[in-house]
Amino acid sequence: MAKKEKTVAVETADTSVSAEKAMKKGTVIQAVKAVAVLVIICLVCGALLALCNDLLYVSDEVRADRALQKIYPNFKNDDSFAGLDSSKASTPYGQVLSVKKSTDGAYILEAVSSNIGFSNGTVSIFVAVSGGTDPKIVGWTVDKNVGQSFIGNITSKHQKTWFINQSITVVNPENPEGSGLGSGATHTENAIGYAINAASYYCINVLKLVSTPESEAKDAVIALLGAEADGYSFVAVKDADYLEACKVDEHELSFYFEGKKTESDPLAVYVYGEDENRQIVVVKDNLTHAERLEESAVVAKSEGINDSLVAKAQSRSYFEYQVQKSHAAFEFAGMGDINSEFATKDEYGTANKVYLSTDGAIMVEATGKGGFASGTVTVNVIIADSVIKGWTIVSNVDQSYIGNIKNEHMTSWYVGQSIGQPIELGSNKVTGTTLSSTAINNAVNMACYYARNTLQQGGAE
Amino acid sequence: MNLLLFAEIGRDIEWVTLGIALAIMVGIGLLMALCIILISRFCQVKEDPRIKEVEQRLAGANCGACGHPGCSGFAKALVEGTATLDSCGQTNKEAQIEISNILGIAYDGNAEPTIAVVACSGGSQCEDKYAYQGYGTCVSQNMLAGGRKACEVGCMGSGSCVDACPYMAIECFDGYAHIDPELCRSCGLCIQTCPKRLIKRVPKSATVYVACSTECRGKDVMSKCKAGCIACGKCERTCPSGAIHLVNNVPIIDYSKCTHCGKCLEACPRHCIKHVHPVDTHEKTITKVEPEKESKAE
Amino acid sequence: MKKERFNQIALDGLVRQNPTLRLVLGTCPTLAVTISAINSFGMGMAVLFVLVCSNVIISLLRNVIPDRVRIPCFIVIIATFVTIVSMFMEAFLPSLFESLGVWLALIVVNCIVLGRAESFASHNPVGESALDGLFMGLGFTLSVTLIAIVRELLGSASFFGMELWDPSKFSIKFFTSNAGAFLTYGLFIAIFNVCYNAVDRKLKHKHAQQTLAPVTVAETKEAE
Amino acid sequence: MDVLGIIFSALFANNFILAQFKGICPFLGVSQKPGSALGMGLAVTAVMVITCAVTYPIYTFVLVPLGIKYLYIIVFILVIASLVQMLEMILKKFTPGLYSSLGIYLPLVTTNCAILGVAQLVTAEVAATSAHFAKTLVVFGKAVKISMAMSFGEAVLSGLFYGLGFTLAIILLAGLRQKVDRLNVAKPMRGFPMTMITACFMAMAFYIFSLIG
């Protein structure tokens, strides 16, 4: 098809030249017009929104008492109540934000869970706890949430059934998870469970609405210690065998508390007997075996307590009991001094303490590097005649999956191996916790390395 | 002043925050608008303004059949004169006329709109030489001894054309490719990709097409495919206007002579001749169409 | 505005171009909110309000807004209406606001709203745009609520919140999970396609039957 | 600043598409071919990083102190839309190559729940005790307390990894769809329904991550 010259071609040529000039002027006006339009639209919209915000503003008080109406309709505020005791507001499950008391004895608490919710956000809820002898959770509703994009699944139907009419003692630590309630948003459910437990923990321990035997014992201990108790938080250790082991003829050890306070030494509290004839002994906890036996170790004891109970409390700490439970032969005979020359090895970690025993065996506490999220694991390794008798995990830093390492691993790994040469990780690991297992391997190797060199038990390094 | 009925909803209008909100909104609006304008000025890619106009008039399907990266590439090539309009089958006539005016070139020829059809209907009815368990589509399969079909020109139905078609007009079922006439814009991408060159262009107004392109004799076809054309020549004999001729065992329809009478379709014992537009309603009443002026060589 | 144009818009919005089931737009809220029917209905109503208002305003301003800042202007208008809806809900429907939560604010970037604004409202007069917004919103609400009813019935054994039977006896937890959302939505699209094609074919068949003769002649004329 | 935790949760446990259901429209629309899916994924990641970097300071230092938090939707969306338009122009001018592979998806990215979703996630406020970033600003004489769930570094980092999680999911689906789209299924099941069912299986797989994470 040959191209045919058409008059139309000529016309377009000269119009494009003048178009060029028009373009220049046009674009400036057009640009200004564009900016103007956008700015005017933003202006109008901003004004409209600001007005609407003021007209439809929901203040916090409105939001709070709207929640109250939902969970506890006949709420009449009793302003004689002191409100939140902020020093004790933090609980193991979350934070209590505010407390209100109704004239008929009911309490309304606002609590927020620790961030274990969906995409580790938090959920804050209002909880209504009925007064009277057996306080129950009468109602709860979700207030604010952070990052819980599936909060919609928790409908009002759930808020009428979960946790309702459960006594606050039952809700307490049994199933903080609250999971498996089946709303399709498991993480948010966990967060709500934690928030409710935070509220009930506060009710039991601070508001003292109900007195469980444990809280009564705790009050007695605090009464005994008097001024020294402030700042300490006492946590009951629920280890039935230890309670059994500390029995002295017919005196039962009813509670064992571990008192912890930041940057001061922990306390061990032994509570014998029940209610009135309760006898309490408080001993400093992190002393060596020998120092523990001296008189100064006892911080406080109730009057008229017979000495056998005090001696028993001084004799063995819970830590020593745990070690002995896993290796019966180990009889404590005091602390050995750390030989600093072999106390650190950069590829393994550090050796911290050495415990001696009556029959010559030693226990080395060593920390291994290279754990999950570059954290560490501290273990106690018992070594007798250059063979590992057993080991336990003492503590860990950032090892969020160390829970997978169960007792059956502790009894099977490394036990019986000689400390002559370094021990390979090999099969000593659980899927999903390889990093934590390597840290444990490093710690055990550190203990063997220390034992090898300092006590010439096995072959030299 | 609580304007609304709910006593506790709403608070007095705080003019201060209202002012702040306005200031923020205006500030951000202004900032954004200015940035857009400045950057569009600063990043002005020197382009011939005609390119934009041409691009607007093109079909805008970015199908790439014209060999250029999308319509903007094609528009640029058109303005620079390195491409001709007819390599784009999509743009309708009026748009093509307008573009020619903009470019100042003469508009010639009014190409008869066409659609593509697959000249094979064997698929699962055609025997397989081997079971293909490899990766990919017909193109890769074709490299392995000419594809798994016993018939060397048979459609494998593995969908190279399906991938190629930007209009999702092709589907593979019953083992061979089917083109949906309503969706097909005859861009020609499938024609280029089909390794067996089975896809052909027929005028949009055509009603029948030959769905087989094997050049073997009847006896061989019988052994390989139950739906193949055995070159019996019945269609050639029954066609009143002599539009069908057997060219080395493959019936070829000359659409300028075809009167859409449909007799060939009924005569064919193997049903190789099929409808272009699968319409079962007005089967019988195909009206007479006067033959058009022969314009483009097929 | 002619009756036939009204029908065309109505049918487009509800059936022919149903945003959720035919055009598969606005899928984010559809998957996330359809766990409970009340939430979905609330979401549908919110989208309906935003759609109608923004379509009206955008079609009013369609000649004023220059092309270069078109998208920011449309988005600002839609965002205003979404904020107004969320403020309204927070004030008067607190439980619904709480359960919708994040998804209420995401209506701004919902593909339906901006899609209709750009493709329909910016070329058509106010009346038709409003109607289009209305029927698109109804189409969305209908399909989202339908999906939610099925998921709620199977997943948590309740209908619009009312418990029908004890979920521990029979309830498929799968439908309340994410994977269940995808599956239900996919099956719904498939079922809708089946019904749509069946009805479409019957209509075309009836249409072709009645006006057989004149159509074919007219058709070939058009084809010239 | 638990980096490993953010990475794991952003990529797998709280994957932006499969766990949080944000950004499904491009996930279904653009995943025909792995090439286009990768382009879309990278475009979304780039815009997400810029969004987090811009919206976080605006929210903490402008909106919260001035008490106009209700404007957050309109301000975020305006900023995002304009940024994307600017990015498109800049890419077109300086890197036409990158523009041809990435640029065409940018207008698609603005109207996408993923971007506003990440902006909301990142600017989450939380009770003062567990805030990663807490400050008190004196504005017009009033002291305003700000307590954000994430610090600025965490915000940008999680924006980046949410984007990569998005890209991971969309490429996986594109790979699967290469095969699934050619399956010989019933006619109405073709296209979107089959894609949905593929996505359903992917969601199941990713659900396991959320149990571990």
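Some points to look at:
- Looking only at segment B:205-234, residues that are touching a Leu at 6+ places or on another chain (Cβ under 8 Å) and on the phi < 0 side of the Ramachandran plot come to 2 in all.
- Among the candidates A:SER418, A:SER437, the residue that is modelled with pLDDT of 80 or more and surrounded by fewer than 22 Cβ atoms within 10 Å (Cβ to Cβ) is uniquely A:SER418.
- When B:TYR255 is tested against (1) at pLDDT 85 or above; (2) surrounded by 15 or more Cβ atoms within 10 Å (Cβ to Cβ), only condition (1) is not met.
- Residue in segment D:2-14 that is away from chain B (no Cβ under 12 Å) and buried (at least 24 other Cβ atoms within 10 Å of the Cβ) present: yes
- Conditions (1) buried (at least 20 other Cβ atoms within 10 Å of the Cβ); (2) assigned to a strand (DSSP E or B); (3) not hydroxyl-bearing (Ser, Thr, Tyr); number of the one not met by A:ARG292: (2)
- Output for segment D:124-156, where each listed residue is more than 14 Å from chain A (Cβ to nearest Cβ) and surrounded by 17 or more Cβ atoms within 10 Å (Cβ to Cβ): D:ILE146, D:VAL156
- Residues in segment A:81-106 that are among the hydroxyl-bearing types (Ser, Thr, Tyr) and touching a residue at least 12 places away in the same chain (Cβ under 8 Å) were compared, and the one that is nearest to A:THR122 (Cα to Cα) is A:TYR93.
- Scanning segment D:124-142 finds one or more residues that are out of contact with any strand residue (DSSP E or B) (no Cβ under 7 Å at 6 or more places or on another chain), under 30 Å from D:TYR70 (Cα atoms) and part of a helix (DSSP H, G or I).
- Subset of segment A:187-224 that is closer than 19 Å to A:PRO135 by Cβ and polar (S, T, N, Q) - its residue that is farthest from the other protein chains (Cβ to nearest Cβ): A:SER211
- Residue check: A:ILE280 meets all listed conditions (1) surrounded by fewer than 12 Cβ atoms within 10 Å (Cβ to Cβ); (2) within 30 Å of the chain's Cα centre (by Cα) but one, namely (1).
- Of C:VAL15, C:VAL47, all but one fail to be within 12 Å of the chain's Cα centre (by Cα), surrounded by fewer than 24 Cβ atoms within 10 Å (Cβ to Cβ) and at pLDDT 85 or above; the exception is C:VAL15.
- Identity of the residue in segment D:15-65, of a type in the set (Phe, Trp, Tyr) and not in a helix (DSSP H, G or I), that ends up farthest from the other protein chains (Cβ to nearest Cβ): D:PHE16
- Search result, residues across segment D:176-195 that are part of a helix (DSSP H, G or I) and within 21 Å of D:GLY35 (Cβ to Cβ): D:LEU176, D:ARG177, D:GLN178, D:LYS179, D:VAL180, D:PHE192, D:MET194, D:THR195
- Of all residues assigned to segment C:59-69, none qualifies as being within 25 Å of D:ILE17 (Cα to Cα) and touching a residue at least 40 places away in the same chain (Cβ under 8 Å).
A quick yes/no check of all residues on (1) out of contact with any Ser or Thr (no Cβ under 8 Å at 6 or more places or on another chain); (2) buried (at least 21 other Cβ atoms within 10 Å of the Cβ); (3) assigned by TED's automatic domain parsing to the domain that holds B:ILE252; (4) farther than 20 Å from D:LYS187 by Cα:
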residue	(1), (2), (3), (4)
B:GLY123	yes, yes, yes, no
B:LYS129	yes, no, yes, yes
B:GLY146	yes, no, yes, yes
B:GLY154	no, yes, yes, yes
B:TYR167	yes, no, yes, no
B:ALA177	yes, yes, yes, no
B:CYS187	yes, yes, yes, yes
B:GLN192	yes, no, yes, yes
B:LYS219	yes, no, yes, yes
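- Of all residues in segment A:88-104 being assigned to a strand (DSSP E or B) and more than 10 Å from chain D (Cβ to nearest Cβ), the one that is surrounded by the most Cβ atoms within 10 Å (Cβ to Cβ): A:VAL96
- Answer from D:LEU121, D:LEU98 - the residue that is more than 7 Å from every other protein chain (Cβ to nearest Cβ), at pLDDT below 90 and in contact with a helix residue (DSSP H, G or I) (Cβ under 9 Å, 6 or more places away or on another chain): D:LEU98
- Of the helices (runs of 4 or more DSSP H) lying entirely inside segment C:1-113, those containing at least 3 residues that are among the charged types (D, E, K, R) span C:3-11.
- Looking only at segment A:105-138, and only at residues there that are over 18 Å from A:VAL210 (Cβ atoms) and at pLDDT 80 or above, the one that is surrounded by the most Cβ atoms within 10 Å (Cβ to Cβ): A:VAL123
For every residue, the table says whether it meets (1) in a loop (DSSP other than H, G, I, E, B); (2) in contact with a helix residue (DSSP H, G or I) (Cβ under 9 Å, 6 or more places away or on another chain); (3) not small (Gly, Ala, Ser).
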{"position": "A:ILE204", "(1), (2), (3)": "no, yes, yes"}
{"position": "A:SER211", "(1), (2), (3)": "yes, yes, no"}
{"position": "A:SER215", "(1), (2), (3)": "no, yes, no"}
{"position": "A:GLU258", "(1), (2), (3)": "no, yes, yes"}
{"position": "A:PRO266", "(1), (2), (3)": "no, no, yes"}
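- Strands (runs of 3 or more DSSP E) contained in segment B:176-279 and holding at least 3 residues over 25 Å from the mean Cα position of the chain (by Cα): B:244-247
Yes/no matrix, rows are residues, columns are (1) charged (D, E, K, R); (2) free of Cβ contacts under 8 Å to residues at least 12 places away in the same chain; (3) over 21 Å from D:PRO34 (Cα atoms):
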{"site": "D:ALA131", "(1), (2), (3)": "no, no, yes"}
{"site": "D:LEU137", "(1), (2), (3)": "no, no, yes"}
{"site": "D:ALA143", "(1), (2), (3)": "no, yes, yes"}
{"site": "D:MET148", "(1), (2), (3)": "no, no, yes"}
{"site": "D:VAL156", "(1), (2), (3)": "no, no, yes"}
{"site": "D:VAL185", "(1), (2), (3)": "no, yes, yes"}
{"site": "D:PHE192", "(1), (2), (3)": "no, no, no"}
{"site": "D:THR195", "(1), (2), (3)": "no, no, no"}
{"site": "D:MET202", "(1), (2), (3)": "no, no, no"}
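- Of all residues in segment A:55-110, those being within 31 Å of the chain's Cα centre (by Cα) and among the hydroxyl-bearing types (Ser, Thr, Tyr) number 8.
- Unmet requirement for B:ALA111, which otherwise passes all of (1) at pLDDT below 75; (2) in contact with a Leu (Cβ under 8 Å, 6 or more places away or on another chain); (3) among the aliphatic types (A, V, I, L, M): (2)
- Within segment C:167-208, the set of residues being in contact (Cβ under 8 Å) with a residue 24 or more places away in the chain, more than 16 Å from C:SER143 (Cβ to Cβ) and within 8 Å of another protein chain (Cβ to nearest Cβ) comprises C:THR176, C:ASN178, C:GLY180.
Every residue, every condition in (1) within 11 Å of another protein chain (Cβ to nearest Cβ); (2) of a type outside the set (A, V, I, L, M); (3) touching a Pro at 6+ places or on another chain (Cβ under 7 Å); (4) more than 30 Å from D:PRO188 (Cβ to Cβ), yes or no:
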position: C:GLN8; (1), (2), (3), (4): no, yes, no, no
position: C:VAL15; (1), (2), (3), (4): no, no, no, no
position: C:LEU23; (1), (2), (3), (4): yes, no, no, no
position: C:GLY26; (1), (2), (3), (4): yes, yes, yes, no
position: C:ALA32; (1), (2), (3), (4): yes, no, no, no
position: C:ILE58; (1), (2), (3), (4): yes, no, no, yes
position: C:PRO72; (1), (2), (3), (4): yes, yes, no, yes
position: C:VAL109; (1), (2), (3), (4): yes, no, no, no
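The values are calculated or read from the model by the stated rules, or taken from the named source; none is laboratory data. If you're wondering where the values come from, they're calculated on a predicted model, not measured in any experiment. Cβ coordinates were reconstructed from backbone atoms using ideal geometry, including for glycine residues, and neighbour counts include every protein chain displayed.
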